[in-house]
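S.K.: Dropping a structure here in structure tokens format, bear with me for questions.
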Amino acid sequence: MDGASVADLGKRLHGSLVTPGDPGYDEARALYNGMFDPRPAAIARCVDPEDVRAAVAFVRGTEVDLAVRGGGHSGAGLGSVDGGLVADLSPMRDVRVDDAGIVHAAGGALLRDIDAATHAAGGAVPVGILGTTGIGGLALGGGVGNLTRTLGLTIDSLVGADVVLADGSSVRTDEDHEPDLFWALRGGGGNFGVVTSFRFRMHPVTSVVAGPMLWPIDQTPEVLSAYREFIGAAPDELGGYFVVLVVPPVPPFPEELQLTKVCGVIWCFAGPQDRAGEALAPMRAVGKVALDGVTAMPLTALQSVFDPLFPPGDQWYWRTGFVREIHDEAVAVHAEFGARIPTPKSSMHLYPVDGAAARVRPEDTAWAYRDARWCQVILGVDPDAANTELVRSWAVGYSDAIRPHTMGGGYVNMMMAEGDALDRVHGSYRGNWDRLVRVKRAYDPENLFHVNQNIPPG
Ligand SMILES: Cc1cc2nc3c(=O)[nH]c(=O)nc-3n(C[C@H](O)[C@H](O)[C@H](O)COP(=O)(O)OP(=O)(O)OC[C@H]3O[C@@H](n4cnc5c(N)ncnc54)[C@H](O)[C@@H]3O)c2cc1C
């Protein structure tokens, strides 16, 4: 990048341009996943769509890589790029709810911004489980969380978006305008443009009965076998993801449980509160529950409960897969690797994606795994970079052992850059791949947006 054109970009931005040597450069380039430490040549801190257009114009027709950063949470470090330009949307966090109950969220908003604004307006959008994640990456990849069984994926509530395209234009897309683009945005990641504003339908959920129900790790076979049958037969209003984890060493967890390995379910019941006890009774009767923390709470309390435990900068190694059935052999693998969790922050989650999410057809959005019943993620996590190999080898071993019991492919938002890029991304889209490639060719034929789980134009 030549200095004069970088300086010119800086002058054109309404926001600021941060380059190496500037005060704040290290802070501006830091990613959530401490495993990645890229040094971009410049960071355009965008405050409006015009700034985003200026960043896109800057790289168009050049060899300069453009990374688009929303919340910076990408497990694969895709919110930045070595030596390139970052269009950093983090200053664009405005969220408002209009009179028709449509949530307008700027492209750099965090989930906690959306949770707060919708809660104040008497509702919710189904998003992910951590408030610090960006809506940009999360929504474009699909979005699973506490309310997926009840309300569907995040993309199932998306009704429109404003997008800056590779040719520098801005378009408004929804079911009736640029419908191919709207289809591709719902699961296809950041491949098609930069979303400067999302529009979501809000749902009338404000309070839930929720929290962890935990058992000692040696009860994993019994608990997981019961859970796999139970959750599939439960009404949509009950969600709950299965976990193996280490009890955090903080209150309100009882001291005798802290730092012990457990299995369990993080429940979220969004129906009438007086029915929650009856709905959960069969699981309470399984084995010997070590901790039952399920209680009535505002949805925002559940949505933010894990935020303090996972500050930015930890090392995260991710492996993902989709699951249709949890056979006994798979239960045994979870029991084995659950007992060998290497560090206190490492875990495995099985998010149910049946219920409301499964009533959308695979071809209706780019998200292709509507027949999966769970989205599985194995997370090797530790604050200390010296433990990177420890968490990586556990996650890889676990993932390799469980792979024969998964459907192939994986959730693009929970992937590292492992293996062959084309195979990895292709496997995530199955029958939707050809249409995604056609839409990519139409909207980004030069692959300007390639710092992502990339769908090449051909
Ligand atoms: C701690 C943690 C918890 C998580 N929990 C969940 C969860 O509960 N459910 C779930 O579904 N996922 C979850 N994820 C995964 C998460 O969805 C992805 O990491 C997602 O990409 C994060 O989005 P971001 O905007 O924060 O990331 P970034 O790193 O900023 O961006 C990720 C990708 O999205 C693109 N992108 C971001 N914003 C835009 C935009 N406005 N326009 C176009 N492209 C954009 C980027 O270019 C990049 O390719 C979690 C991740 C972490 C680290």
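S.K.: Please go through the stretch 1-78 and write out the GluC sites (Glu not before Pro) that DSSP classes as loop and that have at most 12 other C-beta atoms within 10 Å.
M.R.: Those satisfying the criteria are E63.
S.K.: Please work out the Cα convex hull volume for the stretch 203-246 and give it in Å³ per residue.
M.R.: Cα convex hull per residue, to the nearest whole number: 88 Å³.
S.K.: Further, regarding this structure: Which order, highest average first, do 340-349, 188-197, 419-428 follow once you tally other Cβ atoms within 10 Å for each residue and take the mean per peptide?
M.R.: 188-197, 340-349, 419-428
S.K.: Leaving ligands and nucleic acids out of the surface, order H450, H104 by accessible area at 1.4 Å, largest first.
M.R.: Reading off the accessible areas and sorting them downward yields H450, H104.
S.K.: Take the alpha-carbon positions of the chain, form their convex hull, and give its projected area averaged over all directions (one quarter of the hull surface) in nm².
M.R.: 20.5
S.K.: Amide H of V86: which non-local residues (sequence gap of 5 or more, or other chain) have their own amide H closer than 5 Å, using H built in the peptide plane?
M.R.: HN-HN under 5 Å from V86: A42, I43, A44, A67.
S.K.: Find the accessible area per residue for the stretch 183-331; the probe is 1.4 Å, ligands and nucleic acids are left out, and the unit is Å². Walk me through the numbers on the way to the answer.
M.R.: On the way: 5640 Å² over 149 residues.
Counting only protein heavy atoms, the per-residue value for the stretch 183-331 is 38 Å².
S.K.: Related question: How high is the FRET efficiency between A401 and E446 when r is their beta carbon distance and R₀ equals 30 Å, given to the nearest 0.05?
M.R.: Numbers: r = 41 Å, r/R0 = 1.36.
The calculated FRET efficiency here is 0.15.
S.K.: With +1 on the Cβ of every Lys and Arg and -1 on the Cβ of every Asp and Glu, and nothing else charged, how large is the dipole of the chain about its Cα centre, in debye rounded to the nearest 20?
M.R.: Dipole about the Cα centre, nearest 20: 360 debye.
S.K.: Test of the criteria: in the stretch 1-78, which trypsin sites (Lys or Arg not before Pro) are in a DSSP loop and have at most 14 other Cβ atoms within 10 angstrom of their Cβ?
M.R.: R60
S.K.: With a 1.4 Å probe and all protein chains left in place, how much of the accessible area of the stretch 295-436 comes from carbon and sulfur atoms, in whole percent? Please report the intermediate quantities before stating the final value.
M.R.: Working: 3090 of 5520 Å².
Carbon with sulfur: 56 percent of the solvent-accessible area.
S.K.: A follow-up question, please. Quick one, can you get me the convex hull of the C-alpha atoms of the stretch 256-337 expressed as volume per residue in Å³?
M.R.: For the stretch 256-337, the hull spanned by Cα atoms encloses 181 Å³ per residue.
S.K.: Go from 0 up to the bin containing the longest alpha carbon distance in the stretch 38-142, width 5 Å each, and give me the % of pairs per bin.
M.R.: Distribution as computed: 2, 13, 21, 21, 17, 12, 7, 4, 2, 0 percent.
S.K.: Express as a percent, rounded to the nearest 5, the fraction of DSSP beta bridges in the stretch 25-146 (both residues included) that run antiparallel. Spell out each step's value before the answer.
M.R.: Numbers: 4 of 12 bridges.
That works out to approximately 35 percent antiparallel.
S.K.: Find the eigenvalues of the gyration tensor of the Cα atoms of the stretch 378-458, then list the square roots of 5 times those eigenvalues as equivalent ellipsoid semi-axes, largest first, in whole angstrom.
M.R.: 30, 16, 8
S.K.: Among the aspartates and glutamates, select those whose C-alpha is under 20 Å from the C-alpha of K288, and discard any that sit fewer than 8 residues away in the same chain.
M.R.: Those aspartates and glutamates meeting the cut-off are D218, E222, E229, E255, E256, E278, E336.
S.K.: Same structure again: Remind me, relative contact order of the stretch 308-458 in percent, using alpha carbon pairs under 8 angstrom and six or more residues apart?
M.R.: Computed over the stretch 308-458, the figure is 30 percent.
S.K.: Additional query: Which shape class applies to the stretch 28-70: rounded if a/c is under 1.5, otherwise prolate when a/b exceeds b/c and oblate if not, where a ≥ b ≥ c are the square roots of the Cα gyration tensor eigenvalues?
M.R.: oblate
S.K.: Additional query: For the stretch 139-298, give the magnitude of the charge dipole about the Cα centre (Cβ charges: +1 Lys/Arg, -1 Asp/Glu; no others), in debye to the nearest 20.
M.R.: Dipole size: approximately 280 debye.
S.K.: Which of the listed residues, G380, I231, S74, is farthest toward the dipole's positive end in the chain, when Lys, Arg count +1 and Asp, Glu count -1 at the beta-carbon?
M.R.: About the Cα centre, the residue reaching furthest to the positive side is I231.
S.K.: Across 5 Å bins from the origin, how do the percents of Cα pairs in the stretch 153-267 run, short distances first?
M.R.: For the stretch 153-267, the pair-distance distribution reads 2, 9, 15, 13, 9, 10, 12, 11, 10, 7, 3, 0.
S.K.: Now a separate question. What percentages, rounded to whole numbers, describe P(r) for the stretch 90-150 computed over all alpha carbon pairs with 10 Å bin width beginning at zero?
M.R.: 25, 57, 18, 0
S.K.: If you don't mind, there's one more thing I want to ask. Determine one quarter of the surface area of the Cα convex hull of the stretch 296-341, which equals its mean projected area, and express it in nm² to one decimal. Present the calculation step by step, with values, prior to reporting the outcome.
M.R.: Values: hull surface 23.1 nm².
Over all viewing directions, the stretch 296-341 projects a mean Cα-hull area of 5.8 nm².
S.K.: Three principal axis extents, largest first, for the C-alpha atoms of the stretch 324-458, in Å?
M.R.: Taking the Cα atoms of the stretch 324-458, the three principal extents are 48, 36, 22 Å.
S.K.: Sorting D51, D94 by accessible area (1.4 Å probe), largest first, what list results?
M.R.: The residues order as D94, D51, largest area first.
S.K.: Convex hull over the Cα atoms of the stretch 353-419, averaged projected area in nm²? Don't skip to the end; give the middle numbers.
M.R.: Values: hull surface 22.7 nm².
One quarter of the hull surface, i.e. the mean projection, equals 5.7 nm².
The values are calculated or read from the model by the stated rules, or taken from the named source; none is laboratory data. Just so you know, these numbers come straight off a predicted model, no measurement behind them. So basically every Cβ, Gly included, is an ideal-geometry build from the backbone, and we count neighbours across all protein chains shown. Accessible surface areas use protein heavy atoms only, side chains included; no ligands, DNA or RNA. Shrake-Rupley method; radii C 1.70, N 1.55, O 1.52, S 1.80 Å.
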